[in-house]
1. Among the residues in region 189-204, are any of a type in the set (Ser, Thr, Tyr) and modelled with pLDDT of 85 or more?
2. Given (1) assigned by TED's automatic domain parsing to the domain that holds residue 67; (2) at pLDDT 85 or above, identify the lone condition not met by residue 176.
3. For a quick check of your reading: which helices (runs of 4 or more DSSP H) sit entirely within region 52-143 and have at least 3 residues that are within 16 Å of the ligand (Cβ to nearest atom) and either crowded, with 17+ Cβ neighbours inside 10 Å or at pLDDT below 75 (or both)?
4. Just give me the residues in region 1-31 being touching a residue at least 60 places away in the same chain (Cβ under 8 Å) and away from the ligand (no atom under 16 Å from the Cβ), in sequence order.
5. Taking region 1-51 as the region of interest, how many residues are within 21 Å of residue 67 (Cβ to Cβ), within 19 Å of the chain's Cα centre (by Cα) and in a strand (DSSP E or B)?
6. If we keep just the residues of region 32-51 that are of a type outside the set (S, T, N, Q) and either within 16 Å of the ligand (Cβ to nearest atom) or assigned by TED's automatic domain parsing to the domain that holds residue 147 (or both), which is surrounded by the most Cβ atoms within 10 Å (Cβ to Cβ)?
Amino acid sequence: MTKSRVLIVEDEKSIADTLIHVLESEGFDVQWVTLGGDAIELVSQQSFSLMILDIGLPDMTGFEVCKKIRLISDIPIIFLTARNEEIDRVVGLEIGADDYVTKPFSPREVAARVKVILRRMNFQNNNLQENQSIVINDDRLKLAQSGCDFLIGEQSLGLTTIEFKLLSRLFEHSNVVLTREQLLDACGYASDVGYERNVDTHIKTIRAKVKKQLPDTELIKTHRGFGYCYNSGSSS
Ligand code: CA
């Protein structure tokens, strides 16, 4: 079995060192860079399973790095944050993060989060392979070969991991209204973690991404006070 590759983007050597140490001892293949620009270049050239991204970097903020990465990759991203005001933005997850940890953190905790995310991704990929026949039956959306994105025509939507999970769950239950709790559950988050209000943000982003390619189609309908549903187009 090949090792999962983790990319660490952190300019403080001591923090990077503790992370490298714990992740390597957990069997990961770790690469470390100190600049956002280097991280973007690496992700565009090589394949990583996950990225740990510091927000305060010398050349650009972690938010900017994430935005640029999201144009080319749906790699899961765990943010390292140092300040409370950063946490708000990360928790909003509008920038496409999968998780975050605040400094100072325990390296073991970070390693545990990494493992949870990778497990979730494997689980989701296996599930999707089983569902592939259903997915292909829709004439608008197609599962991308990577198993973690959808295509409209030949164009990928560029969904983040969490957006992909939300849309998959909605899709699997076409024309059924799902509550925010049910949708969070699909993403592997317990609804008491406080992510609930972010479902709306994610749905908004998914809609914007769909709209770029299908301007006149409403794939996801809002049912005020209840939740959301995938509109298969056959019942309305
Ligand atoms: Ca830093």
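1. No.
2. It is condition (1) that residue 176 fails.
3. 62-72, 84-92
4. The answer is 4, 6, 21, 22, 23, 26, 28.
5. The total comes to 6.
6. Per the stated criteria, the residue is 39.
The values are calculated or read from the model by the stated rules, or taken from the named source; none is laboratory data. Computed from a prediction, not measured in an experiment: that's the story for all the values here. Please note: Cβ atoms are built from the backbone with ideal geometry, for glycine as well, and neighbour counts cover all protein chains shown.
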